[in-house]
Amino acid sequence: MMMRSCRRYSTGVEALIKTPLYSLHVEHGATLVPYAGFAMPVLYKGQSHIESHNWTRSKVGIFDVSHMLQHRVKGNSAAEFLQKITPSDLKALEPFTSTLSVLLNDQGGVIDDCIITKHDENEFYIVTNAGCRDKDTAFIKEEISQFGNASHENFEGTLLAIQGPQAAETLQKFTKLDLTKLYFGNSAFAKLEGFTNDAIHIARSGYTGEDGFELSIPVDHEGLEFTKALLELEQIKPIGLAARDSLRLEAGMCLYGHELNEQTTPVESSLNWLIAKSRRTPETAGFNGSDRILSQIQNPKSVSFKRVGIQSKGPSPREGNKIYSYEEPDKQIGVVCSGSPSPTLGGNVGQAFIHKPHQKSGTKILIEIRNKKREAHVAKLPFVAPKFYKPE
Amino acid sequence: MLAPLRIAVRPMRPVAAALGSRILRFNSTVAQANSLNPSAVPFKFSDSVTVRYTREHEWLASHPDGTAFVGITKYAADALGDATFVEVPEVGDSVQVGDSIGSVESVKSASEIYTPVDGEILEANDELTSNPALINSDPLGEGWIAKLKVTDPDQLLDAELFDIDAYVKFLQEES
């Protein structure tokens, strides 16, 4: 058998960048793998992939996401600049709220996805993917040069995701910020009592479909000590990249390089909601690739394929598997973006780009896995309903 | 309950002994973990089983009448993690060295299983279809994947196939 995973992972970890939490990963017996140039934990000793997945859905999992890139964009033209490279309405966004967004190229393809948080009319905090660090900074630098009054800087530190049904009650023990008033998509600056000198950024968000938070702790030893304290709590376990992927897949969320790429528009990736309603006319649009994107929104029939959910039993669909028509098994109608067994639901779940008219939930399809075409069907996303904390 | 003794834990050669007791202990633990379960059919099929291993972490248990069982090693099962699905071959298929005879899937990956010898599939372990966790709990016993009729017994002598000592040494070099 080909042991792709363990062989590829077994060498070269020494040359990689270590996050501020590296020593904790080692202490907890992490299997470290190279990921976007960083040594990142994929699994920790004593918990299998499925166990760590289920732990996050039932208790609290913490994820080191310090490898992701943090940006600060400031200035009188900051919003205007960000509205050129994304389709979001950042002027309408309330301070201390966040939105998922996409950095767009001139063709409307996605350079990266990101979370943009507005701190002030002239100040934004952005988090982008680790795997796109170099191209994102080059792209932003190039684009911002056309704006006189906007500055961009990156910063590093501990970025920690705390996810799961007990995340709020756990974090509440460490902060005076009233978390019952911090809803999904909101953020605030607050101290971690006893751990940070200054207020740190706490965002109610996440990538698992569970309630949870992402904390940005700029001082390395503070991030390390706080995480160490969390890990002493019974309900908390460190969770690696393996479960992070299966959790986000069940939650129907996109992973850059799989459901999103530079050739595919957000409309094709079924993320129409990212194109702000207020920015859908030629006068209000003005973002990169808006001609193509607006034309796709206005003429849905012109969009030949889009991202849909898929479900099956048996061998799991995996990235790159070809999808064929159930009625005409020689006719290819799509390709799998991501897929894996679903620890929460049983069977397999996945996301795929599929052509018309095979996109309706329940449509039978065939997926070619190891030279055999296997039955599957189109399914509604997300597979596991999100448990985001929202006002009544 | 005492764990049953497993076969093929040969006495250490002097060269290994010279490396110190830690490695010795490592070697014998790894050798034991990757040896056949003596209470399962791949071992009990005859009273004279020969076990060989591949670089791809399959094991082959062959018997004097030309029947052989194929599965994956404990090392491979541990590296894969929880098996979520095992695909077994079809009875009657003729297979040649290197052909895929099935796959073991975990949440994060799917790994093909290749036959180390030419043969005809006599039986597939259908138990794995309903209970893929057998791959993790007893990979060298109840978790066998295929039973085949070896068509060219000379292939069993192939230098590419390891005995348990050579496999343990190979694992050490890999890690």
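The values are calculated or read from the model by the stated rules, or taken from the named source; none is laboratory data. Here the structure is a predicted model, which means the values were calculated and not measured. With ideal geometry, Cβ positions are generated from the backbone for all residues, glycine too; neighbour counts draw on all protein chains shown.
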Exercise. Here are some residues: A:Ser246, A:Ser270. Which one is at pLDDT 95 or above, touching a Lys or Arg at 6+ places or on another chain (Cβ under 8 Å), among the small types (Gly, Ala, Ser) and assigned to a helix (DSSP H, G or I)?
Worked result: A:Ser246
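When you scan the stretch A:144-172, how many residues do you find that are among the hydroxyl-bearing types (Ser, Thr, Tyr) and either more than 28 Å from A:Thr227 (Cβ to Cβ) or in a loop (DSSP other than H, G, I, E, B) (or both)? Let's see the steps before the verdict.
So in the stretch A:144-172, the residues among the hydroxyl-bearing types (Ser, Thr, Tyr) come out as A:145, A:151, A:158, A:170.
Restricting the remaining residues to those that are either more than 28 Å from A:Thr227 (Cβ to Cβ) or in a loop (DSSP other than H, G, I, E, B) (or both) gives A:145, A:151.
Summing the residues that are among the hydroxyl-bearing types (Ser, Thr, Tyr) and either more than 28 Å from A:Thr227 (Cβ to Cβ) or in a loop (DSSP other than H, G, I, E, B) (or both) in the stretch A:144-172 gives 2.
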Problem set entry | Breaking point among (1) assigned to a helix (DSSP H, G or I); (2) closer than 16 Å to A:Ile62 by Cβ, for A:Phe139 | (2)
Exercise. Restricting the stretch A:335-359 to residues that are closer than 16 Å to A:Val267 by Cα and not aromatic (Phe, Trp, Tyr), which is farthest from the other protein chains (Cβ to nearest Cβ)?
Worked result: A:Lys356
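Give A:Thr170, A:Thr227, A:Thr180, A:Thr158 a once-over and let me know the one that is farther than 19 Å from A:Lys390 by Cβ, of a type in the set (S, T, N, Q) and out of contact with any Pro (no Cβ under 9 Å at 6 or more places or on another chain).
Numbers: A:Thr227 fails: out of contact with any Pro (no Cβ under 9 Å at 6 or more places or on another chain); A:Thr180 fails: farther than 19 Å from A:Lys390 by Cβ; A:Thr158 fails: out of contact with any Pro (no Cβ under 9 Å at 6 or more places or on another chain).
On inspection, the qualifying residue turns out to be A:Thr170.
Can you confirm whether A:Lys176 is outside any helix (DSSP H, G or I), basic (Lys, Arg) and within 28 Å of A:Lys74 (Cβ to Cβ)?
Numbers: outside any helix (DSSP H, G or I): yes; basic (Lys, Arg): yes; within 28 Å of A:Lys74 (Cβ to Cβ): yes.
Yes, satisfied.
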For this session: Check A:Glu368 against each of (1) surrounded by fewer than 19 Cβ atoms within 10 Å (Cβ to Cβ); (2) more than 14 Å from chain B (Cβ to nearest Cβ); (3) more than 19 Å from B:Thr84 (Cβ to Cβ) and name the one condition it does not meet.
Result: (2)
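Examine the stretch A:384-391 for a residue that is loosely packed, with under 13 Cβ neighbours inside 10 Å, assigned to a loop (DSSP other than H, G, I, E, B), among the hydrophobic types (A, V, I, L, M, F, W, C) and more than 12 Å from chain B (Cβ to nearest Cβ), and state whether such a residue exists. Talk me through it step by step, then tell me what you get.
Pass one, the stretch A:384-391, residues loosely packed, with under 13 Cβ neighbours inside 10 Å: A:385, A:390-391.
Now narrow it down to the ones that are assigned to a loop (DSSP other than H, G, I, E, B): A:385, A:390-391.
From what is left, the residues that are among the hydrophobic types (A, V, I, L, M, F, W, C) are A:385.
Narrowing further to those that are more than 12 Å from chain B (Cβ to nearest Cβ): A:385.
Scanning the stretch A:384-391, I find at least one residue that is loosely packed, with under 13 Cβ neighbours inside 10 Å, assigned to a loop (DSSP other than H, G, I, E, B), among the hydrophobic types (A, V, I, L, M, F, W, C) and more than 12 Å from chain B (Cβ to nearest Cβ), so the answer is yes.
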Exercise. Going through the stretch A:48-107 one residue at a time, which ones are within 14 Å of chain B (Cβ to nearest Cβ) and of a type in the set (Phe, Trp, Tyr)?
Worked result: A:Trp55
Problem set entry | Among the residues listed as B:Ala124, B:Ala110, the single one being modelled with pLDDT of 95 or more and buried (at least 21 other Cβ atoms within 10 Å of the Cβ) | B:Ala124
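Can you tell me which residue is nearest to the chain's Cα centre (by Cα) among those in the stretch B:29-43 that are assigned to a helix (DSSP H, G or I) and free of Cβ contacts under 8 Å to residues at least 40 places away in the same chain? Walk me through it before giving the result.
Restricting attention to the stretch B:29-43, the residues satisfying the condition of being assigned to a helix (DSSP H, G or I) are B:29-33, B:41-43.
After this cut, where a residue has to be free of Cβ contacts under 8 Å to residues at least 40 places away in the same chain as well, the list is B:29, B:32.
Details: B:Thr29: 16, B:Gln32: 12 Å.
Among those that are assigned to a helix (DSSP H, G or I) and free of Cβ contacts under 8 Å to residues at least 40 places away in the same chain, it is B:Gln32.
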Exercise. Filter the stretch A:237-266 for residues that are surrounded by 23 or more Cβ atoms within 10 Å (Cβ to Cβ) and of a type in the set (A, V, I, L, M); which is nearest to the other protein chains (Cβ to nearest Cβ)?
Worked result: A:Ala242
Exercise. Restricted to the stretch A:287-301, and to residues that are hydrophobic (A, V, I, L, M, F, W, C) and closer than 22 Å to A:Glu143 by Cβ, which residue is surrounded by the most Cβ atoms within 10 Å (Cβ to Cβ)?
Worked result: A:Ile293
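Output the strands (runs of 3 or more DSSP E) that fall wholly within the stretch B:58-138 and possess 2 or more residues being more than 11 Å from chain A (Cβ to nearest Cβ), or say none. Let's see the steps before the verdict.
On the way: elements: B:58-62, B:67-72, B:85-87, B:100-105, B:110-114, B:119-124.
Where strands (runs of 3 or more DSSP E) fall fully within the stretch B:58-138 and carry at least 2 residues being more than 11 Å from chain A (Cβ to nearest Cβ), they are B:58-62, B:67-72, B:119-124.
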Exercise. Since B:Pro42 meets every condition but one in (1) touching a Pro at 6+ places or on another chain (Cβ under 7 Å); (2) more than 14 Å from chain A (Cβ to nearest Cβ); (3) within 11 Å of B:Ala146 (Cα to Cα), which condition does it not meet?
Worked result: (1)
